[in-house]
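The values are calculated or read from the model by the stated rules, or taken from the named source; none is laboratory data. On a predicted model such as this, the values are computed, not experimentally measured, just so you know. Glycine also receives a Cβ, built like all others from the backbone with ideal geometry; neighbour counts cover every protein chain displayed. Keep in mind that these areas ignore ligands, DNA and RNA; they rest on the heavy atoms of the full protein, side chains included. Shrake-Rupley method; radii C 1.70, N 1.55, O 1.52, S 1.80 Å.
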Amino acid sequence: DIALTADGVPVIVHDPHLPPGMARDAQGQWLNTPTPLIRSLTLAEVQRYDVGRAREGSATARNFPQQAARDGQRIPTLAALFARVQALGADSVRSNIETKLNPTKPDDTAAPEDFVRAILAVVRAAGVEKRVTLQSFDWRPLLLMQQQAPEIATAYLSVKSRNADNAADPQWTAGLKLADHPSVAHMVRAAGGAVWSPTFPSIDAA
């Protein structure tokens, strides 16, 4: 999962904000919600926060009770991950990179163009173009990546639940409309994609 800092560095974090259940400031104080947006902070500012343990009573602590605390950990960069993989000689490892974008909240993150530009630069610097897949629920960066770097695999995410159905909303599908296609799989093909990654309840025998 990737967010972009204010100075355009791809960092590995699930949410657009600093994680409230894990982030502590330089004085060791837990951050209150709402925590700062990643895009509002430079990399140096992001890495001032310790994310090495879950806050007692937080959702993170409840959901991951066996998680081991490691004080002093910082939100890592994508480049650091690639460097670690290379240092380990793990040349068979693939990286599944997800852009954390929400087209209904455009002010929370960088633009799709910025995501693609920054991620592509890091991927090319590491020489791992053939060993990464870019995936997203917001299909805009996938189309951009296919145009700018067709050698990089893309995966089109969809979720269909009681509360969400991104494939039915053209904001999420780069303007494609489900009504114009026999299925979500056909929409992915129309977008130039080769991989559809749906939530499993979306799949039937057909």
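Using the Cα atoms of segment 118-206 to build a convex hull, what is its mean projected area in square nanometres?
6.3 nm²
First compute the accessible area of segment 65-206 with a 1.4 Å probe, then give the percent of it belonging to carbon and sulfur atoms.
That share works out to 52 percent.
So I have [x] 44; [y] 39; [z] 48, and one of them is percent of Cα pairs over 24 Å apart calculated from this model. Which one is it?
Matching entry in [x] 44; [y] 39; [z] 48: [z].
For the chain, what is the charge dipole size about the Cα centre, in debye to the nearest 20, if Lys and Arg each add +1 at the Cβ and Asp and Glu each add -1 at the Cβ?
Dipole about the Cα centre, nearest 20: 360 debye.
Per residue of the chain, what 222 nm ellipticity follows from adding -39500 (n - 2.57) for every DSSP H run with n ≥ 4, rounded to the nearest 500?
Calculated mean residue ellipticity at 222 nm is -6500 deg cm²/dmol.
Taking the Cα centre of the chain as the origin and placing charges on Cβ (Lys, Arg +1; Asp, Glu -1), which of Gly175, Gly8, Ile203 is farthest toward the positive end of the dipole?
Highest projection toward the positive end goes to Ile203.
In segment 121-151, which trypsin sites (Lys or Arg not before Pro) fall in coil by DSSP and have 15 or fewer other Cβ atoms within 10 Å?
none
Under the Karplus relation 6.51 cos²θ - 1.76 cosθ + 1.60, θ = phi - 60°, what is the ordered set of whole-Hz ³J(HN,Hα) values for segment 64-71, x standing for Gly and Pro?
Result, ordered by residue: 10, x, 8, 5, 8, 6, 9, 4 Hz.
Taking the inverse of the average 1/r across all pairs of different Cα atoms in segment 36-95, what Kirkwood radius in Å do you get? Intermediate results must be reported in sequence, preceding the final value.
Numbers: mean 1/r = 0.0723 Å⁻¹.
After inverting the mean inverse Cα-Cα distance, the result is 13.8 Å.
Length gain on complete extension for the stretch Ser92 to Asp169, per 0.36 nm per residue less the alpha carbon to alpha carbon distance? Don't skip to the answer; put the middle values down first.
Numbers: separation 77, 0.36 × 77 = 27.72 nm, distance 3.64 nm.
Length gained, Ser92 through Asp169: 24.1 nm.
When the Cα centres of segment 10-79 and segment 112-149 are compared, how far apart do they sit, in Å?
25 Å
Please give the length that would be gained between Trp30 and Glu129 if that part of the chain were fully extended, namely 0.36 nm times their separation in residues minus their C-alpha to C-alpha distance (nm, one decimal).
31.8 nm
Among residues other than Asn166 whose Cβ falls under 15 Å from its Cβ, what is the net charge (Lys/Arg +1, Asp/Glu -1)?
Net of charged neighbours comes to +2.
Compare Ser95, Ser158, Ser183 in a GNM of the chain, Cα atoms joined below 10 Å, and give the one with the largest fluctuation.
Among Ser95, Ser158, Ser183, the largest mean-square fluctuation in the Gaussian network model of the chain belongs to Ser183.
Under the definition of Cα pairs under 8 Å and six or more residues apart, what whole-number percent is the relative contact order of segment 66-206?
Relative contact order, segment 66-206: 19 percent.
Place +1 on the Cβ of every Lys and Arg and -1 on the Cβ of every Asp and Glu in the chain, take the dipole about the Cα centre, and give the residue among Gly193, Leu157, Ser95 whose Cα lies farthest towards its positive end.
Farthest towards the positive end: Ser95.
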